[in-house]
Amino acid sequence: MSEIDNQTASTADVENRAVKERANQAYKDGFVTDIESETLPPGLNEDVIRQISAKKDEPEWLLEYRLNAFKQWQAMPNPDWAKLNVPAIDFQAISYFSAPKSNKNAPKSLDEVDPKLLETYDKLGVPLHERERLAGVAVDAVFDSVSVGTTFKAELEKVGVIFSSFSEAVKDHPELVKQHLGSVVPSRDNYFAALNAAVFSDGSFVYIPKGVRCPMELSTYFRINAINTGQFERTLIVAEEGSYVSYLEGCTAPMRDENQLHAAVVELVAMKDAKIKYSTVQNWYPGDENGKGGIYNFVTKRGLCQGDNSKISWTQVETGSAITWKYPSCILRGDHSSGEFYSVALTNNYQQADTGTKMIHLGKNTKSTIISKGISVGKSSNAYRGLVRVAKKADHARNFTQCDSLLIGKDCGAHTFPYTESANSTAKIEHEATTSKISEDQLNYCLQRGIGEEDAISLIVDGFCKQVFKELPMEFAVEAKALLDISLEGAIG
Amino acid sequence: MLNIKDIFAKAGDKDILKGLNLEVKPGEVHAIMGPNGAGKSTLGNVLAGMPHVEVTAGSVDMQGKDLLALEPEERAAEGVFLAFQYPVEIPGVNNMYFLRTALNAQRKYRGEEEMDSASFLRMVKQKIKDMNMRDDLLKRPVNVGFSGGEKKRNEVFQMGVLEPKLAILDETDSGLDIDALKIVADGVNQLRSPDRSFVIITHYQRLLDYIEPDFVHVLADGKIVRSGDKNLALELEEQGYGWLNQ
Ligand SMILES: Nc1ncnc2c1ncn2[C@@H]1O[C@H](COP(=O)(O)OP(=O)(O)OP(=O)(O)O)[C@@H](O)[C@H]1O
Ligand SMILES: [Mg+2]
């Protein structure tokens, strides 16, 4: 990131905006599903699930899938909270069908929105007309011009790429959805995966046909902001043999959301020689300085390297949520397949993060790389938890793990929990871990050269994250840096 | 340029500077020598405003400004540059980006326009050539994995880019081989001008063969105990500091 000079950065900005505008339009054209609906009353039972499925006009098999998941969920014990301190969640107090969002409690205009939020949009350079939607102001469609979006969609169609909402995919490509849904994250996988499978609201579906290199970065940026896709999002990406796709998820602007609990599931499938690059910048509302409010983010993300030579790469920059619990993982089934995990997780105030990855080596000569950068500020706590498992038949599997923690201030904490399980003696597993503080000497050095304290911290943190930032697509990297800077404000003094 | 009057300073619980006086006029080069632990680096830290040193009495005037009232980054922008005795590593931050951030922060403070990356690159490339240094220095993270000598050269290079009014070099010659010493000395000599002053802290007379000082001072026990011209350095080289106490 640091190398990005002014010029490239501003070019990237422009491109970025163009991409967003296009995605914007794609949303208008491709994602809006017309659901005339009131919100279901809070509570979760079989009947609620039937109603969700009926309202979405789903095929029978999908309803069965949901009901089955619900049964599994009911039988599951409460989740193991790892290093987290999670207040009890009352699952019966949540409404499981609320799209489209009711406008009743929404602010009527930006004047009613928390000025702090607006200030942040300003710093991030979010265009004015986007702020209203991000802040949840009750406005109708704000999109104009249709042409750009149509071009965008046509371009994808030309090469056979499917990029649509999950609900739409269920209607238009039921065979594809049926084949892959739950194939990577089965509903019985964990408590939140089961809950999601039972009640998921909507999400994204991506299909890249054989030999196709997706001509653009696919982004959910706008889709997620424009409509409350709900707290139980579902994403499925399938890359057929020899294909490539880069998918961007998330949003740098802090989002207001009435739903405190978010439990998404993301499944990636990479066939022979296919590559999937999945990048996330996540900034859910973390709660205020006193730890009040904030989103609980419990996500199950997993990629399956099904074919030989396939590759899945997760890159994430996380600054949001009151509580984050997520471990984007790779199952390396194909021989010579590889998995990567690059992560920056920043916690401030009373935020808690327990993130990491799992790399499951099943095929021969499989390779995984884990670079995790944890930054703790204020009274926050930041844990890395990683599992590298090498199965009996995974000859010559290799893993390299590097976990670095940076502490800013005295009251924060960082913890690293690397687990390795190897059943094959030819495996090579390397682990490096460091914990450091921003040293007085580093700060002084910057100050002496004329760089003020806040900029100095930002510079040092940026350097610390460099290995991860360089994995992000350029425009995302620029946003990620801006986001970290904002999250770091007031970190010292 | 610089007028230091009766400075007392301490770090931790230790009184280090005990009534130090020094006047530096524009264009002058002052060498400061003295035994280990005398307070030489502390003097540099006082001028640069490093937070761990506390000034308990005295004043420092730089071109009519009360230097002690300014924040360290403000002093930098006013033209104070300290080449550190032990330059610090900043992993992941590329040297050139670091310097551009520094230069633009200073320019901004001075109300000047920030320099765009293209002009900056051109300027820096020229500088590195003029100073006979290798340009791989630019791409590497600040001081990370630099040899001792490379770190010192990097300090001088940064000085060249930032063009300070008052440069304090703290043992920049220590640990340099003969060639590097010449490069560093050349770097300083190129920057010498009627409106730029240098305070050069060193233990070795040989540096002064390359950079000819206008004055040589001996700092011992927190004070300047002797001042002279460049011949003082030669005497010290022959006789050590012991004779000063006789
Ligand atoms: N932060 C500190 N806390 C306590 N004592 C300190 C601190 N910094 C410096 N000192 C002490 O103050 C004295 C002067 O230190 P200083 O670094 O200024 O010496 P110097 O003249 O530069 O020595 P050298 O030639 O070895 O570099 C030393 O005795 C040193 O140990
Ligand atoms: Mg010293």
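Working only within region A:442-457, note down all residues that are without any contact (Cβ under 8 Å) to a residue 40 or more places away in the chain, part of a helix (DSSP H, G or I) and out of contact with any Leu (no Cβ under 6 Å at 6 or more places or on another chain).
A:Gln442, A:Leu443, A:Asn444, A:Tyr445, A:Cys446, A:Leu447, A:Glu454, A:Asp455
What are the residues in region B:67-93 that are closer than 16 Å to B:Leu166 by Cα, in contact with a helix residue (DSSP H, G or I) (Cβ under 7 Å, 6 or more places away or on another chain) and open to solvent by less than 40 Å² (accessible area, probe 1.4 Å), if any?
Once the filter is applied, which keeps residues that are closer than 16 Å to B:Leu166 by Cα, in contact with a helix residue (DSSP H, G or I) (Cβ under 7 Å, 6 or more places away or on another chain) and open to solvent by less than 40 Å² (accessible area, probe 1.4 Å), region B:67-93 yields B:Leu67, B:Pro72, B:Arg75, B:Ala76, B:Ala77, B:Val80, B:Phe81, B:Leu82, B:Ala83, B:Phe84.
For the condition within 16 Å of ligand 2 (Cβ to nearest atom), modelled with pLDDT under 95 and open to solvent by 30 Å² or more (accessible area, probe 1.4 Å), what is the one hit in B:Tyr210, B:Tyr204? Give the derivation first.
Values: B:Tyr210 fails: within 16 Å of ligand 2 (Cβ to nearest atom).
Exactly one of B:Tyr210, B:Tyr204 is within 16 Å of ligand 2 (Cβ to nearest atom), modelled with pLDDT under 95 and open to solvent by 30 Å² or more (accessible area, probe 1.4 Å), namely B:Tyr204.
Residues that are within 22 Å of B:Glu71 (Cα to Cα) and more than 8 Å from ligand 1 (Cβ to nearest atom): list the strands (runs of 3 or more DSSP E) wholly contained in region B:1-59 that include at least 2 such residues.
Filter on region B:1-59 gives B:2-11, B:14-24.
For region B:158-190, what are the residues that are more than 14 Å from chain A (Cβ to nearest Cβ), among the hydrophobic types (A, V, I, L, M, F, W, C) and within 16 Å of ligand 1 (Cβ to nearest atom)?
B:Leu176, the sole residue that qualifies.
For residues that are more than 7 Å from chain A (Cβ to nearest Cβ) and free of Cβ contacts under 8 Å to residues at least 60 places away in the same chain, scanning just region B:87-97, find the one that is nearest to A:Ser405 (Cα to Cα).
B:Glu89
Is there a residue in region B:99-109 that is in contact with a Ser or Thr (Cβ under 6 Å, 6 or more places away or on another chain) and more than 15 Å from ligand 1 (Cβ to nearest atom)?
No; the residues of region B:99-109 include none that is in contact with a Ser or Thr (Cβ under 6 Å, 6 or more places away or on another chain) and more than 15 Å from ligand 1 (Cβ to nearest atom).
Before we move on, is A:Ser425 part of a strand (DSSP E or B) and open to solvent by 40 Å² or more (accessible area, probe 1.4 Å)?
No; evaluated as a whole, the condition is false for this residue.
Could you please find all residues in region B:94-129 being open to solvent by less than 40 Å² (accessible area, probe 1.4 Å) and among the hydroxyl-bearing types (Ser, Thr, Tyr)?
Within region B:94-129, B:Thr101, B:Ser117, B:Ser119 meet the criteria.
How many residues, within region A:446-457, are buried (at least 22 other Cβ atoms within 10 Å of the Cβ) and more than 7 Å from chain B (Cβ to nearest Cβ)?
Residues meeting the conditions: 3.
Hey, any hits in region A:307-321 for a residue that's at pLDDT below 95, out of contact with any Lys or Arg (no Cβ under 9 Å at 6 or more places or on another chain) and open to solvent by 10 Å² or more (accessible area, probe 1.4 Å)?
No, that holds for no residue.
Name every residue in region B:47-66 that is buried (at least 20 other Cβ atoms within 10 Å of the Cβ), touching a residue at least 40 places away in the same chain (Cβ under 8 Å) and within 14 Å of another protein chain (Cβ to nearest Cβ), in order of residue number.
Once the filter is applied, which keeps residues that are buried (at least 20 other Cβ atoms within 10 Å of the Cβ), touching a residue at least 40 places away in the same chain (Cβ under 8 Å) and within 14 Å of another protein chain (Cβ to nearest Cβ), region B:47-66 yields B:Leu47, B:Ala48, B:Val53.
Looking at region A:383-407 only, could you name the residues that are within 20 Å of the chain's Cα centre (by Cα) and either farther than 27 Å from A:Val86 by Cβ or open to solvent by 10 Å² or more (accessible area, probe 1.4 Å) (or both)?
A:Tyr384, A:Arg385, A:Leu387, listed by residue number.
The values are calculated or read from the model by the stated rules, or taken from the named source; none is laboratory data. Since this is a predicted model, take the numbers as computed values, not measurements. Neighbour counts run over all protein chains shown; Cβ positions are idealised from the backbone, glycine included. The protein model used for the area step is the full one, side chains on, heavy atoms only, and it has no ligands, DNA or RNA in it. Shrake-Rupley method; radii C 1.70, N 1.55, O 1.52, S 1.80 Å.
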